[in-house]
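Any read-out appearing in this document is the output of simple, stated calculations on the displayed coordinates, not a laboratory observation. Small disclaimer: the values here were computed from a predicted structure and weren't measured. Virtual Cβ from ideal backbone geometry, glycine too; neighbours counted across all protein chains shown.
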Amino acid sequence: MSESILVINCGSSSLKFAVLSDEGQSILLEGIADRLGVGNSTVTFKKDGNKESIHLADGSHKSAVAEIKKWLSQRPTILDSLTGIGHRVVHGGETFSKSVLIDQSVIDGIAECANFAPLHSPAHIIGMNAAIELFPGIPQVAVFDTAFHQTLSQEQYLYPIPMELYRQHHFRKYGFHGTSYRYISRRLAELHPKSLEQGVLVAHLGNGASTCSIHKGKSSDTSMGITPLEGLMMGTRCGSLDPSLLTFIAQAQGISSEEALDILNQKSGLLGISELSNDCRTLEEAMALGNKQAKLALDMFAIRTAKYLVSTATTLNSIDHLVFTGGIGENSSYIRAAICQQLKAFNIHIDSDKNSLRGATMSIESKKSQTKVWIIPTNEELMIALDTINLIRQ
Ligand code: AMP
């Protein structure tokens with residue numbers, strides 16, 4: 001069997017994993033451990049169309065990694081083919097502008113910016129330490145969601161607040177979904193080599209959603225900020241709003257600012273407006289049955305995405321390509337159409353027949369559009385596997 005890479009994505013209460021071989025092109029195994037630390041945790045393995053779920057008595061991230069090791073030990077050909085482990089890391093602060101081989105100084109560096117991702121960073125570190133202990137001798141690599149946006153200029157990444165706050169505390173825009181944007185930029189260059197010299201605008205629309213402008217393969221602006229809360233309306237996040245609202249909500253509800261922030265992160269967005277669900281597909285089904293709040297939520301999502309696309313595009317010389325990716329961007333023809341409807345002043349138009357197709361990489365602009373409009377499924381696991389392969393070969 002060719003070399004394979006284990007990709008680990010540790011969230012606050014879940015751990016997704018995959019084993020990729022053939023330079024990341026084949027998926028040997030996929031799975032998820034969920035409800036970690038919450039109770040009744042399980043780990044599910046998917047291989048060759050078969051699914052197997054195992055109850056985790058101790059629902060910790062470490063026991064999830066141990067269960068993966070145990071499962072692989074029963075399939076020695078896969079275990080023996082493992083040459084590296086790649087970890088997705090949400091926040092690398094200003095310390096990490098590219099993927100790195102993990103050693104103690106890297107773990108310390110991730111811990112130093114943990115205040116910006118307090119739910120994720122501790123989980124990443126537990127996952128890394130568990131993997132180092134359980135897979136001794138296998139090199140491990142950290143791949144950061146923020147790294148791709150370290151090319152933003154100071155004018156773009158600074159917030160207009162006292163400079164002292166940036167100097168002392170590193171309060172600035174970092175941006176996220178960087179691994180997805182890097183993949184999209186690379187994939188678009190395969191599909192349309194000239195795109196490397198052109199202006200590329202990407203909407204990564206999933207439960208979390210952001211926009212990014214890319215010039216010569218580098219991020220020049222993005223909508224998310226110091227945390228993923230800034231920018232677009234999302235599944236449960238409000239996106240950008242007047243910061244005074246935080247205090248108003250806390251005072252009006254008699255709650256702390258942390259609790260008010262929880263409302264903005266977890267009870268807002270599509271869920272807050274629809275009062276039904278954070279899930280785009282559920283809302284589209286409800287809209288089809290006449291639910292007006294579901295339609296309002298979806299239309300607000302599209303309108304706000306269009307506004308951010310235009311704002312993000314101000315760093316480009318021209319908008320030559322607009323790419324939709326992420327669960328919503330790849331699958332929702334309603335949202336894509338509603339966004340492009342808002343962009344007609346920018347000569348962006350789609351062909352409704354092409355837009356109604358789903359599940360493939362394709363361009364969907366109409367003849368009169370000055371911008372090529374693409375649907376490109378993202379593949380963050382592939383990027384993590386490729387970075388891991390490159391670093392361990394160096
Ligand atoms: P992600 O976070 O990238 O996994 O994307 C999750 C989002 O994609 C959820 O809001 C889903 O409802 C949405 N989604 C997935 N498939 C579809 C579909 N066929 N139509 C509309 N939305 C979809």
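Could you figure out which of (1) hydroxyl-bearing (Ser, Thr, Tyr); (2) more than 15 Å from the chain's Cα centre (by Cα); (3) not in a loop (DSSP other than H, G, I, E, B) isn't true of Ser240?
Every listed condition holds for Ser240 apart from (3).
Tell me which residues, restricted to segment 181-207, are within 16 Å of the ligand (Cβ to nearest atom) and touching a Gly at 6+ places or on another chain (Cβ under 7 Å).
Ala203, His204, Leu205, Gly206, Asn207
From Leu276, Leu289, Leu283, Leu232, which residue is farther than 24 Å from Thr146 by Cβ, within 16 Å of the ligand (Cβ to nearest atom) and crowded, with 19+ Cβ neighbours inside 10 Å?
None of the others qualify; the one that does is Leu283.
Can you find even one residue in segment 308-318 that is away from the ligand (no atom under 13 Å from the Cβ) and farther than 17 Å from Val202 by Cβ?
Scanning segment 308-318, I find no residue that is away from the ligand (no atom under 13 Å from the Cβ) and farther than 17 Å from Val202 by Cβ, so the answer is no.
Go through segment 324-374 and count every residue that is away from the ligand (no atom under 13 Å from the Cβ), of a type in the set (Lys, Arg) and part of a loop (DSSP other than H, G, I, E, B).
Result for segment 324-374: 2.
Quickly run through segment 107-129 and pick out the residues that are in contact (Cβ under 8 Å) with a residue 24 or more places away in the chain and over 18 Å from Val65 (Cβ atoms).
Within segment 107-129, Cys113, Phe116, Ala117, Leu119 meet the criteria.
If Ile32 meets every condition in (1) in contact with a Lys or Arg (Cβ under 7 Å, 6 or more places away or on another chain); (2) among the aliphatic types (A, V, I, L, M); (3) farther than 21 Å from Leu386 by Cβ; (4) touching a residue at least 24 places away in the same chain (Cβ under 8 Å) apart from one, which number is that one?
(4)
So which residues in segment 143-160 are out of contact with any Phe, Trp or Tyr (no Cβ under 7 Å at 6 or more places or on another chain), free of Cβ contacts under 8 Å to residues at least 24 places away in the same chain and surrounded by fewer than 19 Cβ atoms within 10 Å (Cβ to Cβ), if there are any at all?
Selection gives Gln154, Glu155, Pro160.
Table: residues versus (1) outside any helix (DSSP H, G or I); (2) touching a residue at least 40 places away in the same chain (Cβ under 8 Å); (3) surrounded by fewer than 23 Cβ atoms within 10 Å (Cβ to Cβ).
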{"residue": "Arg167", "(1), (2), (3)": "no, no, yes"}
{"residue": "Arg172", "(1), (2), (3)": "yes, yes, yes"}
{"residue": "Arg182", "(1), (2), (3)": "no, yes, no"}
{"residue": "Leu201", "(1), (2), (3)": "yes, yes, no"}
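Of everything in segment 75-125, what is of a type in the set (Val, Ile, Thr), assigned to a helix (DSSP H, G or I) and surrounded by fewer than 19 Cβ atoms within 10 Å (Cβ to Cβ)? Give them in sequence order.
Of everything in segment 75-125, those that are of a type in the set (Val, Ile, Thr), assigned to a helix (DSSP H, G or I) and surrounded by fewer than 19 Cβ atoms within 10 Å (Cβ to Cβ) turn out to be Thr77, Ile107.
Do you know which of the residues in segment 362-381 that are in contact with a Ser or Thr (Cβ under 8 Å, 6 or more places away or on another chain) and aliphatic (A, V, I, L, M) is surrounded by the most Cβ atoms within 10 Å (Cβ to Cβ)?
So, considering only residues that are in contact with a Ser or Thr (Cβ under 8 Å, 6 or more places away or on another chain) and aliphatic (A, V, I, L, M), the one surrounded by the most Cβ atoms within 10 Å (Cβ to Cβ) is Val373.
Given the conditions (1) away from the ligand (no atom under 11 Å from the Cβ); (2) in contact (Cβ under 8 Å) with a residue 40 or more places away in the chain; (3) not aliphatic (A, V, I, L, M), report the number of the one that Cys238 does not fulfil.
(2)
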